[in-house]
Amino acid sequence: MRRDALYLKAYGKINLTLDILGLLPNGYHSVEMILQQVSVYDRLELRLTEEAGVRVENNRPWLPTDDRNLAVRAARAFFAYTGQERGLRIRITKFIPVAAGMAGGSADAAAVLVGLNRLLRAGLRQEELLRLGAQIGADVPFCILGGTVLARGIGEEMETLPPMPDCHILLAKPRQGVSTPQAYQKYDAAADRVRHPDTAACVQAIRAGDLAALAGRMHNVFEDALPIEAVRRLKETMLSCGALAAQMSGSGPTVFGLFDDADKAARAREACKGKAPFVFLCRPVRGIGG
Ligand code: ATP
């Protein structure tokens with residue numbers, strides 16, 4: 001029997017590294033980053049309906065439910081590409097913090113593409129899904145692949161890496177949101193003052209399964225370009241509780257700490273609780289190839 005509904009988990013990501021290499025002729029920044037999917041996720045329900053059109057509902061009243069929602073855009077792109085237009089209701093229960101450097105919107109879009117491919121038995125190959133995803137947003141292809149990935153270009157050139165060494169990852173998002181375009185503007189103004197990560201050494205540490213070496217070489221250039229006091233304080237708290245490293249993800253402001261010890265991670269979670277509205281302990285997620 002054909003199913004008319006599907007339930008999916010859309011996982012968020014952190015940046016183990018984020019480097020900006022320069023400006024491309026089209027005005028985009030060329031980046032080099034190691035992306036890691038983590039076990040905090042939005043829940044999605046996709047339901048085919050008799051009623052035409054794409055409708056989205058979610059548990060954050062201030063999030064757009066029209067074409068500005070990346071999940072809606074993904075559904076429309078999928079229908080246009082396959083020619084299989086259907087009535088669709090998407091119910092999103094968000095847990096990934098929004099505008100936080102964790103690619104929550106991209107994760108939802110990726111889940112819609114993968115989910116519709118299954119629900120409609122459309123048979124799109126992974127390359128086709130990745131290409132469709134890239135039209136929606138630079139992080140969407142990564143969210144389709146998942147796991148641990150070295151991304152270059154504007155994020156669309158991806159090399160799957162072995163899974164990062166297992167560990168405990170504490171996430172803490174300060175109250176303010178950060179707009180990614182504004183973060184790039186601030187970066188441009190500060191470009192000659194930033195420290196760059198040693199991406200090659202981090203890739204090698206991942207291949208060697210060496211968490212301490214990875215933690216010692218990670219960096220995110222946005223931390224130098226966009227100093228945020230709440231980020232500095234959360235990093236300090238995590239490090240004082242025994243994190244091997246603490247860093248901002250993407251253009252922020254989410255901070256994550258890597259721990260090799262569950263007790264230390266739990267202590268850090270308690271210490272961060274009064275300092276940030278979103279504090280969550282999670283683990284790395286293995287991707288399709290991991
Ligand atoms: P990235 O790490 O890719 O820069 P982010 O984590 O900083 O992303 P998102 O949470 O993806 O940011 O949201 C960024 C913007 O996208 C928000 O302003 C939000 O209004 C919009 N948006 C559209 N669709 C969604 C969605 N399904 N979930 C969250 N945000 C969405």
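The values are calculated or read from the model by the stated rules, or taken from the named source; none is laboratory data. Keep in mind that this is a model prediction, so the values were computed, not measured. Heads up: the accessible areas ignore ligands, DNA and RNA and are worked out on the full protein's heavy atoms, side chains in. Shrake-Rupley method; radii C 1.70, N 1.55, O 1.52, S 1.80 Å.
Just a few scattered comments:
- The share of Cα pairs per 5 Å bin across the stretch 106-210, counted from zero up to the longest distance, runs 2, 10, 14, 16, 19, 19, 13, 5, 2, 1, 0 percent.
- Tilt relative to the chain, helix 104-119 - C-alpha long axis, 0 to 90 degrees, to 10: 40 degrees
- Taking amide H as placed 1.01 Å from N in the peptide plane, the amide H of Ala245 sits under 5 Å from that of Leu258, each at least 5 places away or on another chain.
- In this structure the amide hydrogen of His29, modeled in the peptide plane, comes within under 5 Å of the amide hydrogens of Leu24, none closer than 5 places in sequence on its chain.
- The distance from the alpha carbon centre of the stretch 1-75 to that of the stretch 156-230 is 21 Å, rounded to a whole number.
- Residue-normalised accessible area of the stretch 145-290, expressed per residue, 1.4 Å probe, Å²: 46 Å²
- Remark on the stretch 157-290: ratio of C-alpha radius of gyration to 2.2 N^0.38 Å is 1.06.
- Per-residue HN-Hα couplings for the stretch 73-78 [Karplus 6.51, -1.76, 1.60; θ = phi - 60°; Hz; x = Gly/Pro]: 4, 5, 5, 5, 4, 5
- A simple rule links phi to the HN-Hα coupling: the Karplus curve 6.51 cos²θ - 1.76 cosθ + 1.60 with θ = phi - 60°, which for the stretch 179-195 gives 8, 4, x, 5, 4, 5, 4, 5, 4, 4, 6, 10, 3, 7, 10, 8, 8 Hz, with x for Gly and Pro.
- When a 1.4 Å probe is rolled over the protein heavy atoms, the share of accessible surface on the stretch 118-254 that falls to carbon and sulfur comes to 47 percent.
- Along the stretch 206-221 the Karplus relation, 6.51 cos²θ - 1.76 cosθ + 1.60 evaluated at θ = phi - 60°, assigns HN-Hα couplings of 5, 4, 7, x, 9, 5, 5, 5, 4, 4, x, 10, 5, 6, 10, 4 Hz to successive residues, with x for each Gly and Pro.
- Rule-of-thumb Rg ratio for the chain [Cα; 2.2 N^0.38 Å; N residues]: 0.99
- Between helix 126-136 and the chain there is an angle of about 80 degrees, using the helix long axis and the longest principal axis of the Cα atoms.
- Ellipsoid semi-axes for the stretch 1-148, based on the Cα gyration tensor and the rule √(5λ), read 26, 17, 14 Å when sorted largest first.
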